[in-house]
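> I'd like to ask you about the structure that follows.
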Amino acid sequence: MEVPHSPEEWRSILGTLIERNGRGDQYVYWQVTRGAERSRNHAPLPNIPRTVFAFCAPFPVPPASLFERGVACITAEDNRWARCDIKSTALLPNILLRQLAIDAGASEAILLRDGQVTEASASAVHVVLDGQIRTPPSSPRILPSLTRGVVEELAARSGIPWRSAPVSEAELRTAEEVWLSAATREVQPVTQIDGRPVGKGTPGPLWRRMRAAFDEYKRELAGRPW
């Protein structure tokens, strides 16, 4: 699919959107799909105008209690389709899994497939084992995540050992720390899984280092022109 706008045009479109919504700290979501035609031809026709949709909203500020107590998660079987690496608007499986977490009074559902951690319903998952951050490797089972990439970059910058490698269910349940990362979550500590504490049941020391590095990284970005 060809990109429908140049970088300069994107800046103008999104800048206007932010301006009209009061500026300040906001998150911007936009999606580009191949477009629609009048008939129901499902082939990817090349000459249809692309559909662009965007909105922005105030950036969610987590309560102070989150940084003191962390969040609770449940585990669930990853029953989504086989191409989770494709960014699609068909999010019903993720929504149903997230609803399982909400119904259980949890923040997220960490997904398991064939005894391995894939991701969460709307977040990447990182575990700390023997003082090292480990994140399940990219594959068709996982949606690529920019925030996950930031975590890996900041780990390298901060001297925190990390690697991309499979994480078993047993390793998840015995991890020293577990984190979630996503654009609007940033990096959050998981302190309970399926009603049992993670590590000591409080946000761990590596998460606190990562959180400080993440905040510093945001300050750096705020000073750059976009």
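> Take Ile18 and decide whether it is in a loop (DSSP other than H, G, I, E, B), over 20 Å from the mean Cα position of the chain (by Cα) and free of Cβ contacts under 8 Å to residues at least 40 places away in the same chain. Talk me through it step by step, then tell me what you get.
Working: in a loop (DSSP other than H, G, I, E, B): no; over 20 Å from the mean Cα position of the chain (by Cα): yes; free of Cβ contacts under 8 Å to residues at least 40 places away in the same chain: yes.
For Ile18, the condition - in a loop (DSSP other than H, G, I, E, B), over 20 Å from the mean Cα position of the chain (by Cα) and free of Cβ contacts under 8 Å to residues at least 40 places away in the same chain - is not met.
> With the condition being under 14 Å from the mean Cα position of the chain (by Cα), I'd like the strands (runs of 3 or more DSSP E) fully within the range 115-226 carrying at least 2 qualifying residues.
116-120, 124-129, 177-182, 186-193
> Please state which one of Ala106, Ala156 is assigned by TED's automatic domain parsing to the domain that holds Ala213 and under 24 Å from Tyr27 (Cα atoms). Write out each step before concluding.
Working: Ala156 fails: under 24 Å from Tyr27 (Cα atoms).
From the options Ala106, Ala156, the qualifying one is Ala106.
> Quick one: which residue in Ser138, Ser121, Ser158 is modelled with pLDDT under 95 and within 24 Å of Cys84 (Cβ to Cβ)?
Details: Ser121 fails: modelled with pLDDT under 95; Ser158 fails: within 24 Å of Cys84 (Cβ to Cβ).
Only one candidate passes the filter, namely Ser138.
> Also, quick follow-up: Residue pairs, Cβ under 9 Å, 6 or more apart or interchain, first in the range 49-70 and more than 30 Å from Glu176 (Cα to Cα) and without any contact (Cβ under 8 Å) to a residue 24 or more places away in the chain, second assigned to a strand (DSSP E or B) and of a type in the set (Ser, Thr, Tyr). List them.
What qualifies is Thr51/Thr33; Phe53/Tyr29; Phe53/Thr33.
> Something else now. Every residue in the range 63-101 that is crowded, with 16+ Cβ neighbours inside 10 Å and among the hydroxyl-bearing types (Ser, Thr, Tyr), please.
Correct list: Thr75 only.
> Taking the condition of being more than 17 Å from Val61 (Cβ to Cβ) and at pLDDT 90 or above, how many residues in the range 15-42 meet it? Walk me through how you get there before you give the answer.
In the first step, residues of the range 15-42 are kept if they are more than 17 Å from Val61 (Cβ to Cβ); the result is 15-20, 29-42.
Now drop any that are not at pLDDT 90 or above, which leaves 15-20, 29-32.
Qualifying residue count for the region: 10.
> Among the numbered criteria (1) within 20 Å of Glu177 (Cα to Cα); (2) in a loop (DSSP other than H, G, I, E, B); (3) not basic (Lys, Arg), which single criterion is violated by Asp85?
(1)
> Being touching a strand residue (DSSP E or B) at 6+ places or on another chain (Cβ under 6 Å), over 22 Å from Glu77 (Cα atoms) and in the same structural domain as Ala122 (by TED's automatic domain parsing) narrows it down to one of Val187, Val167, Val150, so name that one. Walk me through how you get there before you give the answer.
Numbers: Val167 fails: over 22 Å from Glu77 (Cα atoms); Val150 fails: touching a strand residue (DSSP E or B) at 6+ places or on another chain (Cβ under 6 Å).
Of Val187, Val167, Val150, the one residue that is touching a strand residue (DSSP E or B) at 6+ places or on another chain (Cβ under 6 Å), over 22 Å from Glu77 (Cα atoms) and in the same structural domain as Ala122 (by TED's automatic domain parsing) is Val187.
The values are calculated or read from the model by the stated rules, or taken from the named source; none is laboratory data. Just so it is clear, the structure is predicted and the values come from calculations on it, not from any experiment. Please note: Cβ atoms are built from the backbone with ideal geometry, for glycine as well, and neighbour counts cover all protein chains shown.
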